[in-house]
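Chemist: Sharing a structure, written as structure tokens. Questions coming.
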Amino acid sequence: QVQLVESGGGLVQPGGSLTLSCAFSSRRFNGYTMAWFRQAPGKEREWVARISANDNPGYSDSIKDRFTISRDKSKNTVSLQMNSLKPEDTAVYYCRSINTDEWGRGTQVTVSS
């Protein structure tokens, strides 16, 4: 049973914004470090951002200052606000629980004019 469900992906023009959401089926994930990864066609999956259980964020250099990760423990969600999107941000975005190595099934983000 998939415990993490991503949503919010879609098609957006360069320079646009999207917000991804990862919803959990259990509050136990609120105590874990959660992360977003992405995988572009023909490329390896790469880490994008993480947030610790006490809300400390971390970002990869490729998206720093454009993306913001946050969590809402009352709603059992982790979000990824993505601004100033570029065509190279096109990928399937995955939510991951770092502590338990659990993954969602991903949501597609396509940045194209």
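The values are calculated or read from the model by the stated rules, or taken from the named source; none is laboratory data. Just so it is clear, the structure is predicted and the values come from calculations on it, not from any experiment. A quick note on method: Cβ atoms are made from the backbone with ideal geometry, for glycine too, and the neighbour counts reach across all protein chains shown. These area figures cover heavy atoms from the full protein model, side chains too; ligands, DNA and RNA do not enter into them. Shrake-Rupley method; radii C 1.70, N 1.55, O 1.52, S 1.80 Å.
Chemist: Among the residues of the range 53-101, which ones are assigned to a strand (DSSP E or B), open to solvent by less than 30 Å² (accessible area, probe 1.4 Å), without any contact (Cβ under 8 Å) to a residue 40 or more places away in the chain and among the small types (Gly, Ala, Ser)?
Modeler: Matches in the range 53-101: 58 only.
Chemist: I'm trying to understand the selection: among the residues of the range 59-81, which are on the phi < 0 side of the Ramachandran plot, more than 12 Å from the chain's Cα centre (by Cα) and of a type outside the set (Ser, Thr, Tyr)?
Modeler: If the condition is that a residue be on the phi < 0 side of the Ramachandran plot, more than 12 Å from the chain's Cα centre (by Cα) and of a type outside the set (Ser, Thr, Tyr), then 61, 64, 66, 72, 73, 75 are the ones that fit.
Chemist: Still on this structure, please answer the following. Would you point out which residue out of 29, 37 is closer than 12 Å to residue 96 by Cα, in a helix (DSSP H, G or I), hydrophobic (A, V, I, L, M, F, W, C) and open to solvent by less than 50 Å² (accessible area, probe 1.4 Å)?
Modeler: One residue alone meets the criteria, 29.
Chemist: Go through (1) farther than 16 Å from residue 10 by Cα; (2) over 10 Å from the mean Cα position of the chain (by Cα); (3) not aliphatic (A, V, I, L, M) one by one and return the number of the condition residue 108 breaks.
Modeler: Only one criterion is unmet by residue 108, namely (1).
Chemist: Residue 108 versus (1) in contact with a helix residue (DSSP H, G or I) (Cβ under 7 Å, 6 or more places away or on another chain); (2) open to solvent by 80 Å² or more (accessible area, probe 1.4 Å); (3) not acidic (Asp, Glu): which is the lone unmet condition?
Modeler: (1)
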